[in-house]
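Readers should treat all values here as calculations from the given coordinates under stated rules, not as data from a laboratory. Just so we're clear, the structure is a prediction, and the values are computed from it rather than from any experiment. All Cβ positions, glycine included, derive from the backbone under ideal geometry; neighbour counts span all protein chains shown.
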Amino acid sequence: MHHFEYRDGVLHAEELSIERLAAEVGTPFYCYSTATLERHFRVFRDAFSDTDSLVCYAIKSNSNIAVIKTLAELGSGMDVVSEGELRRARAAGVPGERIIFSGVGKTAEEMQYGLAEKILCFNVESEQELFLLNDVAGAMNVSAPVSMRINPDVDPKTHAKISTGKAEDKFGVPYRQARELYKQASQLNNIKITGVDMHIGSQITDLQPFGDAFQLLRDLVIELRGDGHNIDHIDLGGGLGIPYGNQENPVPLPDDYAAVVKTHTKDLGCRLLFEPGRMITGNSGILVTRVLFVKNAIDKSFTIVDAAMNDLIRPTLYEAYHDIIPVSDTRNSSPRQKTDIVGPVCETGDYLALDRSLPAFEQGDLLSVMTAGAYGATLSSQYNSRRLIPEILVKKDEYCVIRPRESYEDMLSREKIPSWFSET
């Protein structure tokens with residue numbers, strides 16, 4: 001569910017017309033709905049209301065500080081994968097005790113900052129990372145709270161580029177090596193074992209892989225406790241899929257996912273941590289773009305818009321599908337045709353949709369690319385020296401530009417011409 005709907009023939013974000021926003025901010029832009037963000041967080045959190053749990057929003061899905069703040073106000077924790085994300089969480093007012101630090105390549109500097117901020121836990125992903133964290137914590141005369149991220153070698157049945165729980169994926173410690181690594185950790189002076197972590201992938205729409213992974217996780221917790229380790233929390237990751245518009249079967253609801261989790265964690269007496277990202281932000285955002293030209297080639301139609309792959313790379317990077325609808329509902333009654341929705345970037349891969357049956361758009365039409373709140377703005381770039389586009393947050397009948405459109409002056413000012421070039 002989301003809060004983007006037609007009112008009086010025009011697409012609205014909550015109570016604000018997208019046509020008005022386009023006129024005042026210009027296109028292209030991202031638009032997020034506060035009501036949708038809040039609802040999706042609450043639905044996930046409330047599915048575990050009868051457990052000791054903490055939902056740690058995965059900042060990588062949408063790292064705008066205003067989005068983080070919106071969720072923090074609801075009591076959300078944060079899952080970060082870099083010092084930059086950790087700084088964003090702290091800037092939004094999230095206390096360190098509600099932050100977990102994931103990622104396969106943490107640097108000593110990032111570890112130092114996480115320890116200084118007294119974060120809840122480091123999710124350690126390798127033996128060398130564990131030893132480095134122990135050295136960093138020792139130099140600071142503190143103990144580092146640690147859970148090991150376990151790779152269960154479970155196929156999440158999702159896109160290969162967002163799978164994280166198979167043996168060939170770079171993430172986590174192999175399941176069969178987990179007990180030995182915990183033994184090593186227990187012998188380090190500045191490591192405090194607190195939990196176990198497992199995250200198998202993203203956009204998972206079949207609950208079976210979760211069940212398979214969580215059973216292995218349950219077995220491991222029992223074994224680790226038998227080895228004498230204190231396991232007081234389980235981090236079950238994220239990955240629950242959302243509807244993008246092309247699913248043959250409905251995606252699981254948070255309550256369905258919660259039932260699987262509770263089946264495998266009952267009687268363990270562990271606090272449950274979660275790292276949802278896409279599930280919270282995906283349907284909360286849209287990308288609004290305007291038709292520049294319509295080009296009809298032989299047996300092919302191209303609808304050229306002002307948004308491009310540098311603004312939303314998911315279609316070309318992941319072969320991802322996004323529903324695309326006109327901002328004016330009257331355009332929905334136009335004859336439909338197959339067309340490619342493409343951008344201005346000089347790449348054949350610059351597209352938002354391929355061979356899609358859509359209304360016959362005309363120059364100047366506004367289009368909305370749906371379900372663009374996750375991995376849209378965070379993956380954007382300045383490719384082709386295109387400026388980063390605005391992000392807008394709507395709340396009822398108000399809006400705020402939470403990231404302004406980058407100016408060309410800002411873009412150029414970050415680069416420097418060496419002094420050995422003669423002045424011109």
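At-a-glance table
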quantity: Point-charge dipole on Cβ atoms (K/R +1, D/E -1) for the range 103-274, about Cα centre, debye to 20; calculated: 260
quantity: Extended-chain gain in nm, criterion 0.36 nm per residue less alpha-carbon gap, Glu398 and Val142; calculated: 87.6 nm
quantity: Amide H contacts of Ile402 (H built 1.01 Å from N, under 5 Å, at least 5 apart or other chain); calculated: Glu391, Ile392, Leu393
quantity: Amide H partners (placed H, <5 Å) of Ala58, local residues excluded; calculated: Asp79, Gly277
quantity: Under-19-angstrom lysine pairs by C-alpha in the range 103-274, whenever the two are 8 or more apart or on separate chains; calculated: 8
quantity: Per-peptide average of other Cβ atoms within 10 Å, ordering 320-328, 289-297 highest first; calculated: 320-328, 289-297
quantity: Cα pair count fraction exceeding 19 Å, expressed as % - the range 103-274; calculated: 56
quantity: Estimated vicinal HN-Hα couplings, Hz - the range 253-268 in sequence order (Karplus 6.51, -1.76, 1.60; Gly, Pro = x); calculated: 8, x, 5, 5, 4, 4, 4, 5, 4, 5, 4, 9, 10, 4, 6, 7
quantity: In degrees, nearest ten, helix 34-46 long axis to first principal axis of the chain (Cα); calculated: 30
quantity: For Asn151, residues with placed amide H under 5 Å, excluding near neighbours; calculated: Val173, Tyr175
quantity: Anisotropy class of the range 16-157 from Cα gyration tensor, a/c 1.5 cut; calculated: prolate
quantity: Formal net charge of residues neighbouring Gln247 (Cβ-Cβ distance under 12 Å; K, R +1; D, E -1); calculated: -3
quantity: The chain: relative contact order as a whole-number percent, Cα under 8 Å and 6+ apart; calculated: 19
quantity: Estimated FRET transfer efficiency when R0 is 25 angstrom, pair Ala23-Ser385 (beta carbons, to 0.05); calculated: 0.45
quantity: Å³ per residue enclosed by the Cα convex hull of the chain; calculated: 171
quantity: Packing-based exposure ordering (other Cβ within 10 Å, fewest first) of Lys192, Lys170; calculated: Lys170, Lys192
quantity: Modelled FRET efficiency - R0 22 Å, Asp410 with Ala108, Cβ distances, 0.05 increments; calculated: 0.10
quantity: Stretch gain in nm, segment Asp355-Lys183, where the contour uses 0.36 nm per residue and the Cα spacing is subtracted; calculated: 56.4 nm
quantity: Residue exposure sequence - Asp50, Asp169 - by fewest surrounding Cβ within 10 Å; calculated: Asp50, Asp169
quantity: Spatially proximal lysines relative to Lys300 (Cα-Cα < 25 Å; intrachain offsets below 8 disregarded); calculated: Lys338
quantity: Protection proxy ranking, peptides 271-279, 138-146, average beta carbon neighbours within 10 Å, highest first; calculated: 271-279, 138-146
quantity: Gap separating the Cα centres of the range 188-230 and the range 49-65, nearest whole Å; calculated: 18
quantity: At R0 = 51 Å, FRET efficiency that the Cβ-Cβ distance of Glu127 and Asn246 yields, to 0.05; calculated: 0.80
quantity: Cα gyration tensor category, rounded, prolate or oblate, for the range 300-403 with a/c compared to 1.5; calculated: oblate
quantity: Most to least packed among 200-208, 368-376, 261-269, 407-415 [average Cβ atoms within 10 Å]; calculated: 368-376, 200-208, 261-269, 407-415
quantity: Signed unit charges on C-beta, dipole axis of the range 103-274, positive-most listed residue Val173, Gln203, Gly269; calculated: Gly269
